[in-house]
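The structure appears right after this line, and notes come after that.
The values are calculated or read from the model by the stated rules, or taken from the named source; none is laboratory data. What you are looking at is a predicted structure, and each value in this text was computed from that prediction instead of being measured. Using ideal geometry, Cβ is built from the backbone for each residue, glycine included, and neighbour counts are taken over all protein chains shown. Just so you know, the surface numbers come from the protein's heavy atoms only, side chains and all, with ligands and any DNA or RNA stripped out. Shrake-Rupley method; radii C 1.70, N 1.55, O 1.52, S 1.80 Å.
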Amino acid sequence: MAMWLLKVACKIPGVRFMLKRSFTINDKRLQRNLFGLSFENPVGLAAGFDKDARWIDELSSLGFGFVEIGTLTPKAQPGNEKPRLFRLPEDHALINRMGFNNGGVMAATERLKKRKSHVIVGGNIGKNKTTENEQAVNDYLICFEELFPYVDYFAVNVSSPNTPGLRALQEKKPLLEILLRLQEANASKAKRKPILLKIAPDLTDDQLNDIIDIVAESKIDGVIATNTTIVRAPLKTSPTEIEAIGAGGLSGLPLSNRSTEVIRYLKQKSGNAFPIIGAGADLIQIYTGFIYEGPGLAKKICSELCDLASN
Ligand SMILES: Cc1cc2nc3c(=O)[nH]c(=O)nc-3n(C[C@H](O)[C@H](O)[C@H](O)COP(=O)(O)O)c2cc1C
């Protein structure tokens, strides 16, 4: 509802400009150059919030340095039955089992054609629920080709816990096949675009070692760490409430330690071989914090980064 209201407000002449002025910090120290892209600031909005590319212009007014749309799939699909999104306010966390509800990649590209802002947009791509894992590569390729002219980078999502079997694609063989085929398609373009891999926080060290090899072998541009977790680490919310909520991915504060651990492990073990998007990394992405803290969060983080840079 808040986003629809913001959309209406932004239709009033001057409002988008005013919002951008009050929610954005313009400071050279915030700029980042990674995988050939120039980010105005390192704070991005993670995938899943603007799945269908409806609010890129409005979100860019709220001070984000980049916005990741999706996860998009070739065909539209309704996602899981509601309720599918739960707040755990005591934990500053969310549990969701949305299941890639989206209007399909073509509907999103129609919207992308009309966007006004120049904020960096990532296209997060996945497979339809009804597509078997053996055919998954085709879904990723369809989304890649369709989005290619309209996004600045790609995020390959094989880590959502809410599409049955999806995370099995994180295994070396299927993952390498998907990434190599995407790279082949990428190489056939006049100018290639960065491809990042979005991974789960629930991978073992051995699986993380495989990820390092896969990034090197496929020569993709980096990793997004991490997606939501299926682990219900110690939470303040009562176990009965958690059990009543059921399956889904946990995000927010209780995930931050594990995702930071994954980032640290990948950085150290790979010898800083590739850029990582995630807290404490080269760029960051937020979602749950935006829900709890509200529209000023990107600005708040940017302003604290500037303070750190001055000290
Ligand atoms: C309601 C909801 C929907 C999400 N949908 C997606 C999605 O479609 N694709 C994806 O890659 N990540 C999705 N995510 C994961 C976020 O992009 C992010 O990786 C995760 O929430 C961890 O960041 P956070 O703790 O800042 O929220 C979703 C998260 C939430 C809370």
- Task: Please check which bits of the range 252-289 a label hung off residue 192 would reach, taking the label as a point 7 Å along Cα-to-C-beta and the cut-off as backbone N under 16 Å.
- Result: 274-275
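Please give the contour-minus-distance gain from residue 205 to residue 107: 0.36 nm per residue of separation, less the Cα-Cα distance, rounded to one decimal in nm. Mind showing how you got there, number by number?
Details: separation 98, 0.36 × 98 = 35.28 nm, distance 3.87 nm.
Net length gain for the segment: 31.4 nm.
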- Regarding the range 204-264, what are the three Cα extents along the principal axes, ordered largest first, in Å? 45, 20, 19
- Message: Modelling each spin label as a point 7 Å along the Cα-to-Cβ direction, I'd like the residue 183/residue 236 distance in nm, to one decimal.
- Response: 4.5 nm
- Message: Counting only Cα atoms, I'd like the Rg/Rh figure for the range 42-165, Kirkwood definition for Rh.
- Response: 0.97
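Tally up the carbon and sulfur contribution to the accessible surface of the range 1-132 as a whole percent, 1.4 Å probe, everything protein left in place.
Working: 3800 of 6530 Å².
The C+S portion of the solvent-accessible surface of the range 1-132 is 58 percent.
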- Query: With labels modelled as points extended 7 Å from the Cα through the Cβ direction, what inter-label distance (nm, one decimal) is found for residue 133 paired with residue 114?
  - Reply: 4.0 nm
- Message: Along each principal axis of its Cα atoms, how long is the range 11-105 end to end? Whole angstroms, biggest number first, please.
- Response: 44, 37, 35
- Hey, if we sort 52, 213 by accessible area with the 1.4 Å probe, largest down, what's the order? 213, 52
- Query: Using the Karplus equation 6.51 cos²θ - 1.76 cosθ + 1.60 (θ = phi - 60°), what ³J(HN,Hα) coupling, rounded to whole Hz, does each residue of the range 222-239 give in order, writing x for Gly and Pro?
  - Reply: x, 10, 9, 10, 9, 6, 6, 10, 8, 7, 9, 3, x, 10, 6, 4, 5, x
- If you plug each phi of the range 172-185 into the Karplus form 6.51 cos²θ - 1.76 cosθ + 1.60 with θ = phi - 60°, what whole-Hz ³J(HN,Hα) values come out, in order, with x for Gly and Pro? 3, 5, x, 5, 4, 4, 4, 5, 5, 5, 5, 5, 5, 4
- Query: Once amide H atoms are placed 1.01 Å from N in the peptide plane, what residues at a sequence separation of 5 or more from residue 282, or on another chain, have their amide H within under 5 Å of its amide H?
  - Reply: 276
- Taking the range 67-130, how much of its Cα-Cα pair set, in percent, is spaced more than 19 angstrom apart? 45 percent
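Nearest 0.05, what FRET efficiency do residue 26 and residue 261 give at R0 = 41 Å with Cβ-Cβ as r? Working shown, then result.
Values: r = 34 Å, r/R0 = 0.82.
According to the calculation, E is roughly 0.75.
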- For the pair residue 90 and residue 2, how long in nm is the line joining their label points, each one 7 Å along Cα→Cβ? 2.3 nm
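Are there GluC sites (Glu not before Pro) in the range 67-142 that DSSP marks as loop and that have at most 16 other Cβ atoms within 10 Å, and which are they?
In loop regions of the range 67-142 (DSSP not H, G, I, E or B), the sparsely surrounded GluC sites (Glu not before Pro) are 81, 132.
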- Item | Heavy-atom accessible surface of the range 190-311: percent carbon and sulfur, 1.4 Å | 53 percent
- Message: Helix-only mean residue ellipticity at 222 nm, the chain, DSSP H runs n ≥ 4 weighted -39,500 (n - 2.57), per residue, nearest 500. What is it?
- Response: -12000 deg cm²/dmol
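Averaged per residue, what accessible area in Å² does the chain show with a 1.4 Å probe, protein chains only? Can you show the working numbers first?
Working: 14660 Å² over 311 residues.
Here the per-residue accessible area is 47 Å².
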- Task: Return the sequence-ordered ³J(HN,Hα) values of the range 29-37 in whole Hz as given by the Karplus equation 6.51 cos²θ - 1.76 cosθ + 1.60 applied to θ = phi - 60°, using x for Gly and Pro.
- Result: 5, 7, 5, 9, 10, 9, 5, x, 10
- For the range 177-311, what is the convex hull volume of its Cα atoms per residue in Å³? 166 Å³
- Query: Tell me, what is the FRET efficiency for residue 9 and residue 309 to the nearest 0.05, using R0 = 35 angstrom and their Cβ-Cβ distance as r?
  - Reply: 0.60
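Any chance you could list the semi-axes, whole Å, largest first, of the equivalent ellipsoid that the Cα gyration tensor gives for the chain, using √(5λ)?
Details: eigenvalues 139, 111, 94 Å².
After diagonalising the Cα gyration tensor, the semi-axes are 26, 24, 22 Å.
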- Task: Would you mind telling me the antiparallel percentage of the DSSP bridges in the chain, rounded to 5?
- Result: 35 percent
- Query: Near residue 86, within a Cβ-to-Cβ distance under 10 Å, what is the net charge of the other residues, with Lys and Arg +1 and Asp and Glu -1?
  - Reply: +2
- Separation of alpha-carbon centers, the range 230-290 and the range 54-130, rounded to whole Å: 19 Å
- Note on the structure: The answer for residue 88, listing residues at least 5 apart or on another chain whose modeled amide H is closer than 5 Å to its amide H, is 93, 94, 95
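With the contact rule set at Cα under 8 Å and sequence spacing of 6 or more, what percent relative contact order holds for the chain?
Details: 567 pairs, mean separation 61.9, N = 311.
The normalised contact order for the chain reaches 20 percent.
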